[in-house]
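Participant: Have a look at this one.
The values are calculated or read from the model by the stated rules, or taken from the named source; none is laboratory data. Here the structure is a predicted model, which is why all the values come from computation and not from measurement. Methodologically, a virtual Cβ is constructed for each residue, glycine included, from the backbone with ideal geometry; neighbour enumeration extends over all protein chains shown.
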Amino acid sequence: MPHHDFDLLVIGGGSGGVRAARMAAQRGARVALAEHGRMGGTCVNVGCIPKKLYSYAAGFAEDFADAAGFGWRIAQPPVLDWAALKANRAQEIARLNGIYEGLMTGAQVRVLRGHARLAGGHTVEVAGEDGATHRHTARAILIATGGRPFVPPVPGHELAVTSDDMFDLPVFPRRLVVVGGGYIGCEMASIFHGLGAEVTLIYRGEQVLRGFDDEVRAFTAEEMRKAGVQLRLRSDVARIDALPGGTRRVTLQDGATLDADVVLYATGRQPNVAGLGLDALDVRQQASGAIEVDEHFATSAPGVYALGDVVGRMELTPVALAEAMALVDHLLGPAPGRPARRMDYAHIPTAVFTHPPIGTVGLTEQAAREKFGAIRVYRGDFKPLKHTLSGRAERTLVKLIVDDASDRVVGLHMVGADAGEVVQGFAVALKCGATKAQFDATLGIHPTSAEEFVTLREVTRR
Ligand code: NDP
């Protein structure tokens, strides 16, 4: 067997890359990881973590308003110190960057600083920060370079920002226009509305959050509207212009115009493959640019693997982590005494941190109907106890979809406070194949919103 500098060389220090590098090194492999930016990738730097921190920040606006119904008199109207929020976030992210660095050095992973590209079979070139290019060989190369925001080439698109820029905007936007009705568009709209911006979300289709359960989509859209986010559906941008003083004028295809301080494009993400040298090694890609991989994350080039957002399966941190662990087991064998992990894409729970948030696991009603034919739908919506005193008009939706033949709960959806926290627990039940009868046999925790999932008795529709 030819000698290589490393057993595994990972390109990209995000969630998937760091996990693969650390796990492989802990199994005794000689591992290197190349990264040219900050450690932690999208999730840590410009994704999940800062997003959730800002979502908490936005939540305080609701709490201040809700507090009055519980007898609190807030003497001064609270004001957001945007600079303080940004500084505190930056400090926490820097701490996490350090932890990720520490995980690498602690596991004896050699961190190669600079831009890496494939340079022949089993060979990677890293253009180092010292200006020199270094060649390294590895038995296996893992591409875990993630993704980046995609902005369509509408006239004036360069005047818009992406989610990468939102956390560090120099001035808090009084008026924000968000283009795109997916995860990021809806989350950012809710968050910046909560923080005090006047927000308009523009979506080209009939309803936001395509791919989610239709009832969940409609319910969430209505709650966002009630909260004060303006949704313009069946709308798209024709052009963006800069007005004196920094205002952006968005002209819609129907001729209407909107003025904003910031225009955020959240129109999807694309795989980060530029400058990776994929062509040289004939690494096959899909039309979207995503790297094609088999069930073991092997690309079409021998010894080259890829996972996480760059393969474009499900762009979620826990998915990249699980893919990384499955790959390490495949390359190095399972950990002693444990079966080899395989990636299972069924029953992946997810949350959208809108206000109120969505939590979901399993199939949508539409998908379940297609797959099983005969299904039962149980749903309820209600005013949460908290809002009996707060006076807030927000409602909560809970919904179960049951396969009639097996009685298994095949879809579980919630829109309401802490939906992500609630659905994480129920995801275990769905993974175990829990039946509606077992849900019914489970006692509730009173008074919670989650108990509604075990007290739904009436079939809403079949
Ligand atoms: P999404 O794919 O979720 O949404 C993109 C949105 O932009 C859709 O509404 C889409 O419309 C619209 N769009 C796409 N192209 C255009 C165009 N050319 N013109 C106008 N509108 C367009 O992407 P996001 O960027 O929101 O998020 C990327 C991924 O990141 C998500 O899919 C998710 O996997 C992950 N993510 C997960 C989060 C979480 O777990 N909470 C949070 C944030 C991101 P249409 O529906 O018509 O295609």
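Participant: From (1) in contact with a helix residue (DSSP H, G or I) (Cβ under 8 Å, 6 or more places away or on another chain); (2) acidic (Asp, Glu); (3) assigned to a helix (DSSP H, G or I), pick out the condition that doesn't hold for residue 7.
Facilitator: It fails just one condition, (3).
Participant: Looking only at segment 189-220, which residues are in contact with a strand residue (DSSP E or B) (Cβ under 6 Å, 6 or more places away or on another chain) and more than 24 Å from residue 158 (Cβ to Cβ)? Give the derivation first.
Facilitator: Within segment 189-220, the subset in contact with a strand residue (DSSP E or B) (Cβ under 6 Å, 6 or more places away or on another chain) is 189, 192-193, 197-202, 213, 216, 219-220.
193, 213, 216, 219, 220, listed by residue number.
Participant: Sticking with this structure for a sec: So residue 69 ticks every box in (1) within 25 Å of residue 131 (Cβ to Cβ); (2) in a helix (DSSP H, G or I); (3) not charged (D, E, K, R) but one. Which box is left unticked?
Facilitator: (1)
Participant: Considering each residue of segment 16-52, count those that are more than 21 Å from residue 329 (Cα to Cα) and in contact with a His (Cβ under 7 Å, 6 or more places away or on another chain), and give that number.
Facilitator: Number of matching residues: 1.
Participant: Sticking with this structure for a sec: Do we find that residue 15 is buried (at least 17 other Cβ atoms within 10 Å of the Cβ), over 21 Å from residue 185 (Cβ atoms) and touching a residue at least 12 places away in the same chain (Cβ under 8 Å) in this structure? Talk me through it step by step, then tell me what you get.
Facilitator: Details: buried (at least 17 other Cβ atoms within 10 Å of the Cβ): yes; over 21 Å from residue 185 (Cβ atoms): yes; touching a residue at least 12 places away in the same chain (Cβ under 8 Å): yes.
Criteria met by residue 15.
Participant: Quick check on my filter: what residues within segment 158-172 are assigned to a loop (DSSP other than H, G, I, E, B) and away from the ligand (no atom under 14 Å from the Cβ)?
Facilitator: Restricting attention to segment 158-172, the residues satisfying the condition of being assigned to a loop (DSSP other than H, G, I, E, B) are 160, 162, 167-172.
Of everything in segment 158-172, those that are assigned to a loop (DSSP other than H, G, I, E, B) and away from the ligand (no atom under 14 Å from the Cβ) turn out to be 168, 169, 170, 171, 172.
Participant: Next question. Which one is nearest to the ligand (Cβ to nearest atom) among residues in segment 312-359 that are touching a Gly at 6+ places or on another chain (Cβ under 7 Å) and assigned to a helix (DSSP H, G or I)?
Facilitator: That would be 320.
Participant: Among the residues of segment 275-311, write down those that are within 13 Å of the ligand (Cβ to nearest atom), in contact with a strand residue (DSSP E or B) (Cβ under 6 Å, 6 or more places away or on another chain) and either modelled with pLDDT under 95 or in a loop (DSSP other than H, G, I, E, B) (or both).
Facilitator: Passing the criteria: only 290.
Participant: Right, here's the next one. Which number in (1) within 16 Å of the ligand (Cβ to nearest atom); (2) within 21 Å of residue 45 (Cβ to Cβ) marks the one condition that residue 93 misses?
Facilitator: Tallying (1) within 16 Å of the ligand (Cβ to nearest atom); (2) within 21 Å of residue 45 (Cβ to Cβ), residue 93 fails exactly one: (1).
Participant: Would segment 251-260 turn up any residue that is in contact with a strand residue (DSSP E or B) (Cβ under 6 Å, 6 or more places away or on another chain) and closer than 27 Å to residue 53 by Cα?
Facilitator: Yes, segment 251-260 contains at least one residue that is in contact with a strand residue (DSSP E or B) (Cβ under 6 Å, 6 or more places away or on another chain) and closer than 27 Å to residue 53 by Cα.
The rows are residues; the columns are (1) surrounded by fewer than 24 Cβ atoms within 10 Å (Cβ to Cβ); (2) touching a Lys or Arg at 6+ places or on another chain (Cβ under 8 Å); (3) touching a residue at least 24 places away in the same chain (Cβ under 8 Å).
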position	(1), (2), (3)
10	no, no, yes
36	yes, yes, yes
46	yes, no, yes
50	yes, yes, yes
59	yes, no, yes
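Participant: Before we move on, is residue 450 under 29 Å from the mean Cα position of the chain (by Cα), surrounded by 17 or more Cβ atoms within 10 Å (Cβ to Cβ) and without any contact (Cβ under 8 Å) to a residue 60 or more places away in the chain? Working first, answer last.
Facilitator: Numbers: under 29 Å from the mean Cα position of the chain (by Cα): yes; surrounded by 17 or more Cβ atoms within 10 Å (Cβ to Cβ): yes; without any contact (Cβ under 8 Å) to a residue 60 or more places away in the chain: yes.
For residue 450, the condition - under 29 Å from the mean Cα position of the chain (by Cα), surrounded by 17 or more Cβ atoms within 10 Å (Cβ to Cβ) and without any contact (Cβ under 8 Å) to a residue 60 or more places away in the chain - is met.
Residues checked against (1) within 25 Å of residue 147 (Cβ to Cβ); (2) modelled with pLDDT of 95 or more; (3) more than 16 Å from the ligand (Cβ to nearest atom):
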{"site": "20", "(1), (2), (3)": "yes, yes, yes"}
{"site": "23", "(1), (2), (3)": "yes, yes, yes"}
{"site": "32", "(1), (2), (3)": "yes, yes, yes"}
{"site": "43", "(1), (2), (3)": "yes, yes, no"}
{"site": "54", "(1), (2), (3)": "yes, yes, no"}
{"site": "60", "(1), (2), (3)": "no, yes, yes"}
{"site": "63", "(1), (2), (3)": "no, yes, yes"}
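Participant: Give the residue, chosen from 132, 138, 127, that is over 30 Å from residue 257 (Cα atoms), away from the ligand (no atom under 16 Å from the Cβ) and either touching a Leu at 6+ places or on another chain (Cβ under 6 Å) or of a type in the set (D, E, K, R) (or both).
Facilitator: Numbers: 132 fails: either touching a Leu at 6+ places or on another chain (Cβ under 6 Å) or of a type in the set (D, E, K, R) (or both); 127 fails: either touching a Leu at 6+ places or on another chain (Cβ under 6 Å) or of a type in the set (D, E, K, R) (or both).
Going through 132, 138, 127 in turn, just one is over 30 Å from residue 257 (Cα atoms), away from the ligand (no atom under 16 Å from the Cβ) and either touching a Leu at 6+ places or on another chain (Cβ under 6 Å) or of a type in the set (D, E, K, R) (or both): 138.
Participant: Sticking with this one: Considering only segment 2-15, I want to know if a residue exists there that is touching a His at 6+ places or on another chain (Cβ under 9 Å) and of a type in the set (Asp, Glu).
Facilitator: yes
Participant: Ok, one more. Which one is surrounded by the fewest Cβ atoms within 10 Å (Cβ to Cβ) among residues in segment 145-157 that are more than 9 Å from the ligand (Cβ to nearest atom) and under 27 Å from residue 39 (Cα atoms)?
Facilitator: 148
Results for (1) among the hydrophobic types (A, V, I, L, M, F, W, C); (2) closer than 16 Å to residue 352 by Cα, shown as yes or no for each residue.
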site: 164; (1), (2): no, no
site: 183; (1), (2): no, yes
site: 186; (1), (2): yes, yes
site: 206; (1), (2): no, no
site: 221; (1), (2): yes, yes
site: 232; (1), (2): no, no
site: 245; (1), (2): no, no
